[in-house]
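The values are calculated or read from the model by the stated rules, or taken from the named source; none is laboratory data. Since the structure is predicted, the reported quantities are computational estimates derived from the model, not experimental observations. Neighbour counts run over all protein chains shown; Cβ positions are idealised from the backbone, glycine included. What goes into the accessible areas is simple: the full protein's heavy atoms, side chains included, and nothing from ligands, DNA or RNA. Shrake-Rupley method; radii C 1.70, N 1.55, O 1.52, S 1.80 Å.
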Amino acid sequence: MGKSKQTRNHNSDKKKNISKMWKTKRRTKDLDEIHKDMEAANAQKLLHQAVNFDVTGNAQFYCLHCARYFIDQRNLQEHFKTKVHKRRLKQPSEAPYTQEEAERAAGMGSYTRPQKVTVRTQPTEENMSVQ
């Protein structure tokens, strides 16, 4: 499936570009945003959110690494076993780039390689009760 040949919809007063809408329809969080979410304080806020009826699963079942909400605990556990989740766990294995690192790479200092970050699947209430 290639690029959409249609560029405008039938309501010309809205003037929205359809191909741009399709590209951003399933946009997820970037890796640097996920690294911020994985910090201890932010992770606790995201994993223990207040009940929100506008979000899937009332915002009670959230995957930190994929930034997705799930309907119930069973679907969240099934998601942890999927290729999509495992691939997403491997992506943030390096620390996100900083401005200082960019300057060092450009020749304004000595370059050091980015540090590796170990990422594991988030703990759930079900896993905590077994241990």
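Matching residues to (1) modelled with pLDDT of 85 or more; (2) open to solvent by less than 70 Å² (accessible area, probe 1.4 Å); (3) part of a helix (DSSP H, G or I):
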{"position": "K86", "(1), (2), (3)": "yes, no, yes"}
{"position": "P92", "(1), (2), (3)": "no, yes, yes"}
{"position": "Y97", "(1), (2), (3)": "no, no, no"}
{"position": "E101", "(1), (2), (3)": "no, yes, yes"}
{"position": "G107", "(1), (2), (3)": "no, yes, no"}
{"position": "S110", "(1), (2), (3)": "no, no, no"}
{"position": "R113", "(1), (2), (3)": "no, no, no"}
{"position": "E126", "(1), (2), (3)": "no, no, yes"}
| field | Conditions (1) free of Cβ contacts under 8 Å to residues at least 24 places away in the same chain; (2) more than 15 Å from P123 (Cα to Cα); number of the one not met by D32 | value | (1)
| query | What number goes with the only condition from (1) exposed (fewer than 12 other Cβ atoms within 10 Å of the Cβ); (2) touching a Lys or Arg at 6+ places or on another chain (Cβ under 9 Å); (3) at pLDDT 80 or above that A67 does not pass? | reply | (1)
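So which residues in the range 70-84 are outside any helix (DSSP H, G or I) and open to solvent by 60 Å² or more (accessible area, probe 1.4 Å)?
Start the filter on the range 70-84 by keeping residues that are outside any helix (DSSP H, G or I), which leaves 70-72, 81-82.
Correct list: I71, K81.
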